[in-house]
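Please read the structure below before turning to the comments.
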Amino acid sequence: MTATVARRASRAERERLRQDFVRLCEIESPSGRERAVADALLAELRAAGLAPEEDASAAETEADAGNVIARIYPPSSGAGGPPETRTIMLCAHMDTVPLDGPVEVVEEDGVLTNRHDAILGADNKAAVAAILGVARRFAAVPPPVGLELVFTTSEEPGLRGAKAIDRGALRSEFGFVFDHASPIGELIVAAPSYYRIEGRFHGKAAHAGLRPEDGRNAIVAAASALASLRLGRIDEGTTANVGRIHGGTAANVVAERCTVELEARSLDHDRAGDLVSEIVNALTAGASDTECDLELGVQEQFRAYRLPRSAPPVQAAAEALAGVGIEASFVSTGGGSDAHAFQAKGLPCLNVANGTERNHQPDERVTVEALETMLDVMLGVVAHSA
């Protein structure tokens, strides 16, 4: 590892990082509509002298763009042959949750926010901008390890872009995702299994004032089931929630239909499965007790994983943090990230907190200091992965 490779971001790199972040945030890219930001990234990567690719995942994800992948390898040890050093992946997602207004980035006292009452998009464009800075650095100076820089689509609705990536097309030995809105220094070494459950209750309509006894109320069936459930935090690593309920046609009609949408999460995969069974049993009992029919849908969105502190990506990230004066903390999360999808493909992947705040909220924000620190951390990750 040379001093050149290990050095922190220059003043010019930091200013370019801020400019990139502002520009990317102001390009709207809600999930499934990432085309404009993908085009911007492809153009910037090509301008840096790289040959980025866009994969064919759009047909599977139903997005208007594919995942963008750029590769940078150290000089080959043989004529035309692959480098002997390891390759690592750096990943961020291009999409955001839906926007309730335009994005116009403003800075006040070193804090970047949206002038309008809508998300900023720092989740995950803070990481996208920083990885773009890494790309420019190592396009000019050969990296100490091979790099695969991956920008995914449709992370927010279920990691769709990452799930659609061909693992065989990646040479990486391990990887890093920078997608946790918490203080820089947190390394996410455990994440949950996550299930979505949908119950569709079917009763019988009747006039609520003239013949209520002829009806079977699907809303009552759903309410009975939900009232019997344990919701919220079940234990330290397990949660359950009902997020949506809708049904009926009018106040004077016994509701013929009602749909409820729930989720179950746990750091223990078996515990998550037990909780799903508990929810399914409650929904079934609610339907049976009110003589309603029930259609059930259960989907495993992602599976729990845990990385030991001795894992190479954890060690490299901890050393990179130490290099900028931050002590690593090893934490679990209740959220999902593209790291889940890569773990499921057999690619060990660490989610690294990126210092953004209040993601998915109209007061979302990130400090310039956090942006700059994360670029330094990423450069350190590359150096310490060698």
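The values are calculated or read from the model by the stated rules, or taken from the named source; none is laboratory data. Treat the numbers as computed from the prediction; the structure is a model and nothing was measured. Cβ sites come from the backbone with ideal geometry, for glycine too, and all protein chains shown count toward neighbours. SASA here: full protein model, heavy atoms, side chains in, ligands and nucleic acids out. Shrake-Rupley method; radii C 1.70, N 1.55, O 1.52, S 1.80 Å.
Summary of values
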read-out	value
Computed [θ] at 222 nm, helices only, for the chain once each DSSP H run of length n ≥ 4 contributes -39500 (n - 2.57)	-10000 deg cm²/dmol
Overall form of segment 1-155 per C-alpha gyration tensor (a/c, 1.5; a/b vs b/c)	oblate
Neighbour net charge for ALA344 - beta-carbon separation under 9 angstrom, K R +1, D E -1	+3
Kyte-Doolittle at least 1.0, axis length at least 15 Å by Cα - qualifying DSSP helices, the chain	368-384
DSSP bridge pairs, the chain: antiparallel proportion in percent, nearest 5	70
Calculated Cα extents along the principal axes in Å (choose from [x] 60, 43, 38; [y] 198, 63, 34; [z] 82, 42, 38), label	[z]
Relative contact order for segment 123-275, counting Cα pairs under 8 Å that sit 6 or more residues apart, in percent	22
Anchor LYS345: lysines whose Cα lies under 18 Å away (excluding residues fewer than 8 positions away in-chain)	LYS163
Contour minus Cα-Cα distance for GLU213 and GLU26 (0.36 nm per residue)	61.7 nm
Where SER329, SER288 fall by accessible area, highest first, once all protein chains stay in place (1.4 Å)	SER288, SER329
Probe 1.4 Å - accessible area at ARG167, Å² to nearest ten	60
Extended-chain gain in nm, criterion 0.36 nm per residue less alpha-carbon gap, ASP117 and ASP289	57.4 nm
Cβ charges +1 (Lys, Arg) and -1 (Asp, Glu), total dipole of the chain, debye	800
Highest average packing first - 206-217, 346-357, Cβ atoms within 10 Å	346-357, 206-217
With DNA, RNA and ligands ignored, accessible area of LYS345 (1.4 Å probe; Å², nearest 10)	60
Stretch gain in nm, segment GLU278-ALA12, where the contour uses 0.36 nm per residue and the Cα spacing is subtracted	90.2 nm
